[in-house]
Every structure is written in C-alpha cells, then in structure tokens.
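S.K.: Have a look at the structure that comes next, please.
The values are calculated or read from the model by the stated rules, or taken from the named source; none is laboratory data. Only a predicted model underlies this, so the values are computations on that prediction, with no experimental measurement involved. No Cβ is skipped: glycine too gets one built from the backbone with ideal geometry, and neighbour counts run over all protein chains shown.
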Amino acid sequence: MSKLARAADTSDTLRPRDFDRLAAYIYNECGIRLPPAKITMIEGRLRRRVRAHGLSSLSDYCGWLFQDAHMEGEREHLLNAVTTNKTDFFREPKHFDYLTGSVLPRLRDEGVRRIRVWSAACSTGAEPYTLAMLLDAFAQDKGGPDYGILATDLDSEVLKTARRGVYPAAMLDPVPASLRNRYVMRSSDPARSEMRIVPMLRSAIGFGQLNLMDERYPVGDPMDIIFCRNVLIYFDKPTQEKVVRRLTECLRPGGLIFLGHSESIAGMNLSLRPVANTVFERV
C-alpha cells in the first residue's frame, strides 16, 4: 500500500450515528460497552474488515453491514474485531497461590477424586494452560485430584491460537522454570523463538466458543472451580450481575468462582460468599 493510500485509510472515521449503531448492536450481542472514547480503537480494528470486503470507507462498511442479511455472515468477524484479548501466563498470581496452597490440598484431603474447572474467558489460552500446569503437577506430585478443564471464549480467532498452544518464548517467562521444563517444548528451529505446550496438557483442555450473554451456559455437569477474570470490567452493572448469576448456577454448592482483582460483586444479590480476595464460594 502506498503512503498516500495509508494516509487516506487512517483518515477515514466513523460517523457518530454509525458508531452509535455499532455500539448498540455489540452491547446487545455480547454485553460489551463501547463508550465514545473507544472510537479510535474501533476504527482501527474495523478498517481491516473494510479492506476484506473491498469497500472504500468505514461509512460504506456500516451501511453494508446493516443491509440485507450481511450481518449474519459478518457477525463473528465483527465481534472478534471489537473484543479485547489481554492475557498472560500466571496473571494475578495470588489466585494461583490460593488455588495450590488452599483449595487443592483441601479437595485432596476431602477425598475428591476429580474436579471440573472452567476458564470462562480464556482468550489465547494462557489462563487454562496455567491452570492445567498447576493441576497436573499437584495431581502427580501430591496425590491431588484428577481434573478436566473447559476453556471458552467469544472470539473464534483467539480460540484457534489457544488450541495450537504455540506462543512467543518471552510470553512463557512468568512460568516457573520447573513447570516450563515439564510442560513446554521449545521449537526445534533456533530461528523461531517459540514454545509449545506439551500434547498431554493440550489434550486435558476442551476449547469451545461461548457467549456470556447467552441465557444459559451449556457446560454440562456442575463445575468445582470457575475462573472468569477481567471480563466484568467491560460490562455495565446489570450485565455483570446477570453474568455472575449464570456462572454461579454452573457451580456445585461449595464451588469457587475467581474474578479479576479489579472486579467486585458488591451490591449484587448472589448466592456467593467471599473466601479470599475476589474469590467466592457458592452457598
């Protein structure tokens, strides 16, 4: 693309009425709030969709999007474009300290033989793979319960990355060396600074697409542990409460839900009690 074309491309902007229409649609579909302060970010992400369809402007794209049945085929691409996928291995590590220091020993001592864990906004997979490393190590080294992990996300593109389990080597830096040596393979090509999660661990996780705005979450038997961290911050308060209530319905009594450290359920009418910092037990 020429410098002139690039300049014309980045000067293209969303009209307020188009942004409002997009924001309303996205809120209704996935609960994400898009305040006007996000308009520049959304413009940058949607320009890729403008080019993908051979259209000339964001205005043309919005007009095309809400015309005929175009939204049906474009919906997944649109939602993928607007979702934020910040993730790291061992993010908010105190949660994992609590899991391995308190939760897993208690379950082992209670004679629990198998637990179900759900990473409800797994992004590119760092969270469920972190969980899998810890659960597997505890099961093998300390006689802990066997485990199964479900990992879901709205974004179909990040799920492809998660299933592959291949990451830039630097992304694995937060993983303790003992776990990295055990559960991560380095690329055989020295020129490729990549690492891959071992097949055994990848096979322990079931990845699937799920929209937290759905009325029901078809996740099967009740979960023992749910991680849904740093997702509620994108929702308004009524939506937050609906989501946490539906998540709670997927927990067994006594099961735990982990939220992000900046998230709160204060003022919500839920069957949960706090047991640690942003960790709650179903009562």
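S.K.: Limited to segment 182-216, what total is found for residues that are touching an Asp or Glu at 6+ places or on another chain (Cβ under 8 Å) and farther than 27 Å from residue 93 by Cβ?
M.R.: The qualifying residues number 3.
S.K.: Hey, another quick one. Select, from 238, 253, the only residue that is part of a strand (DSSP E or B), of a type outside the set (Gly, Ala, Ser) and surrounded by fewer than 21 Cβ atoms within 10 Å (Cβ to Cβ).
M.R.: Values: 238 fails: part of a strand (DSSP E or B).
Criteria check complete, one pass: 253.
S.K.: Same structure again: Any residue in segment 193-209 that is under 19 Å from residue 169 (Cα atoms) sitting within a Cβ distance under 6 Å of a residue that is of a type in the set (Gly, Ala, Ser) and surrounded by 15 or more Cβ atoms within 10 Å (Cβ to Cβ)? List the pairs, counting only those 6 or more apart or interchain.
M.R.: Pairs that qualify, where the first residue is under 19 Å from residue 169 (Cα atoms) and the partner is of a type in the set (Gly, Ala, Ser) and surrounded by 15 or more Cβ atoms within 10 Å (Cβ to Cβ), are 196/165; 197/165; 201/132; 202/165.
S.K.: Condition first: assigned by TED's automatic domain parsing to the domain that holds residue 244, without any contact (Cβ under 8 Å) to a residue 40 or more places away in the chain and surrounded by 23 or more Cβ atoms within 10 Å (Cβ to Cβ). Can you find one or more residues in segment 150-158 that meet it?
M.R.: First, pick out the residues of segment 150-158 that are assigned by TED's automatic domain parsing to the domain that holds residue 244: 150-158.
Narrowing further to those that are without any contact (Cβ under 8 Å) to a residue 40 or more places away in the chain: none.
For segment 150-158, residues assigned by TED's automatic domain parsing to the domain that holds residue 244, without any contact (Cβ under 8 Å) to a residue 40 or more places away in the chain and surrounded by 23 or more Cβ atoms within 10 Å (Cβ to Cβ): absent.
S.K.: Further, regarding this structure: I'd like the residue in segment 157-213 that is out of contact with any Gly (no Cβ under 9 Å at 6 or more places or on another chain) and among the hydroxyl-bearing types (Ser, Thr, Tyr) and, out of all such residues, is nearest to residue 80 (Cα to Cα).
M.R.: The extreme case among them is 203.
S.K.: Same structure again: Could you check, for segment 83-92, whether at least one of its residues is within 19 Å of the chain's Cα centre (by Cα) and loosely packed, with under 12 Cβ neighbours inside 10 Å?
M.R.: Residues of segment 83-92 that are within 19 Å of the chain's Cα centre (by Cα), as a first pass: 83-92.
Okay, now just the ones that are also loosely packed, with under 12 Cβ neighbours inside 10 Å, so 86.
There is at least one residue in segment 83-92 that is within 19 Å of the chain's Cα centre (by Cα) and loosely packed, with under 12 Cβ neighbours inside 10 Å.
S.K.: Going through segment 185-205 one residue at a time, which ones are over 13 Å from residue 137 (Cβ atoms), of a type in the set (A, V, I, L, M, F, W, C) and not in a loop (DSSP other than H, G, I, E, B)?
M.R.: We begin by selecting, within segment 185-205, every residue over 13 Å from residue 137 (Cβ atoms); these are 185-197, 199, 202-203, 205.
Now narrow it down to the ones that are of a type in the set (A, V, I, L, M, F, W, C): 185, 191, 195, 197, 205.
If the condition is that a residue be over 13 Å from residue 137 (Cβ atoms), of a type in the set (A, V, I, L, M, F, W, C) and not in a loop (DSSP other than H, G, I, E, B), then 185, 195, 197, 205 are the ones that fit.
S.K.: Given 49, 33, 75, 17, which one is part of a helix (DSSP H, G or I) and within 26 Å of residue 240 (Cα to Cα)?
M.R.: Result of the check over 49, 33, 75, 17: 75.
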